[in-house]
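For reference, the structure discussed in these notes is given below.
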Amino acid sequence: MEKVIHDILEEYRAVKNKTEISIRQMKDGLGDMAEHIVLYGAGSAGIAFLYYLRDVGIYPLCFADGNPNKWGTVCEGLPVIDYKKIADTVGTDALVIVTINTDGKKYCKSFDEALRAGGHTAVHKNLKDAGLTNVIDYTYFRECRMLFRGDKYNLPSCSDVYLMEQHEEELSKVYSLLEDDKSRAVYEKLIRFRMLDDSIQIPTEVQDKQYFEYEFYPKSDDEIFVDCGAYNGISLRAFLKENDSRFLKYYGIEPDRDNFRKLQDYIMTLPDAVKEKTVIVNKAAYDRAGEVMLYDLSGPGSFIADIGRQKVEAVRIDDIVDDHEATYIKMNIEGSELQALKGAEKTIRKCRPKLAIAGYHKTWDLWEVPLLIHGMHSDYRFHLRSYMNNVSFVYYVI
């Protein structure tokens, strides 16, 4: 089975010098437009892409956004303006780079409705209707692979393919761990997408079932659910719906203060019998206690990084759950999954909980997340499902 991955890597090595463009070629291709760049989408993808551009000496003029709440604010030193004012502010010749995590057809379900109403096509149409003729997605830059080398910032759609090439053995091992044909097909196509052909369509599931794929395991009335990246209660809401509000305990971990307040507000709307079984923690799940820097976005996408603007307390899942059991752990925490898993090692080894872990934020998560878990328990079974082509996929570990 490992030959499947080997063949993809061999195909990549045969064509990589023909398909890649250098940073110099990329900058030459932009020409004068490099002086008139506007990033549409002042969120996690926009911030990450801004840092990649600045690292190579390209300096966008401003952010634009479809969310009126962001107009007039400043993001990473750049003003955030109404996208309808780009033509007046920068000019109709502005190069607008859409920096929202997308698969080219739709946007992640948790983003503000203002950013995704009508889907990917509508965003481009709105920008064209605003008098802008030069509109591209940030994924246009994938061919400039050196731009993303090192995967320093959170940009799931632009992987470090050099690193993938170096880790062929690990990629092959994960492929051999996957239990079902669809998981292997998703995994193979993800690697092909990243390394060879970003037009490949990856089998995707309905987003409403994300984290709760009960085809792999039976539902349980005594679930102890640990929700890492609880956000505003979106996963708790889905969990309660899927299980008819029958469970034993819920732990919600969310570091962003604004998101945590929304989580609190949501829980206050629940029946007392449900509320009394919930424990929520305004901290970041990590591999140690102490302070970490959070880039707080007061919405989806807040992430731990050196460029973070807010000090928050970190906590290990082992210390939250302590002597209690945990039967189900979900993680979607913007690139901190490996650290949070290490902070849950005692719980995982002792309780063998079901795991639903995002594997797409950092290039190496694709192989390091499953291999770390496999090292904790060799009898775990692995499945993989995608929910947004290449952008959002989850390992289910049973």
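Residues of region 202-219 that are among the polar types (S, T, N, Q) and surrounded by fewer than 16 Cβ atoms within 10 Å (Cβ to Cβ): 207 alone.
One residue is enough: does region 286-298 have a residue meeting the conditions of a type in the set (Gly, Ala, Ser) and assigned to a strand (DSSP E or B)? Checked region 286-298: at least one residue is of a type in the set (Gly, Ala, Ser) and assigned to a strand (DSSP E or B).
Does residue 127 satisfy the criteria of being modelled with pLDDT under 90 and either surrounded by 16 or more Cβ atoms within 10 Å (Cβ to Cβ) or over 28 Å from residue 211 (Cβ atoms) (or both)? Criteria not met by residue 127. Is it fair to say residue 126 is touching a strand residue (DSSP E or B) at 6+ places or on another chain (Cβ under 8 Å), touching a residue at least 24 places away in the same chain (Cβ under 8 Å), assigned by TED's automatic domain parsing to the domain that holds residue 85 and farther than 26 Å from residue 362 by Cβ? For residue 126, the condition - touching a strand residue (DSSP E or B) at 6+ places or on another chain (Cβ under 8 Å), touching a residue at least 24 places away in the same chain (Cβ under 8 Å), assigned by TED's automatic domain parsing to the domain that holds residue 85 and farther than 26 Å from residue 362 by Cβ - is not met. Hey, among the residues in region 142-157 that are modelled with pLDDT under 95 and outside any loop (DSSP other than H, G, I, E, B), which one's farthest from residue 334 (Cα to Cα)? Result: 143. Of the strands (runs of 3 or more DSSP E) that lie entirely inside region 1-109, not one contains 3 or more residues that are exposed (fewer than 15 other Cβ atoms within 10 Å of the Cβ).
In summary, residue 308 fulfils each of the numbered conditions (1) surrounded by 22 or more Cβ atoms within 10 Å (Cβ to Cβ); (2) in contact with a Phe, Trp or Tyr (Cβ under 8 Å, 6 or more places away or on another chain); (3) not in a helix (DSSP H, G or I) with the single exception of condition (1). Here is a check on your reading of the model: is residue 327 modelled with pLDDT of 95 or more and crowded, with 21+ Cβ neighbours inside 10 Å? So residue 327 fails the test.
Exactly one residue out of 290, 301 is small (Gly, Ala, Ser), under 30 Å from residue 42 (Cα atoms) and surrounded by fewer than 17 Cβ atoms within 10 Å (Cβ to Cβ), and it is 290.
The values are calculated or read from the model by the stated rules, or taken from the named source; none is laboratory data. This is a predicted model, so every value here is computed, not measured. FYI the Cβ positions are ideal-geometry reconstructions off the backbone, even for glycines, and counts take in every protein chain you see.
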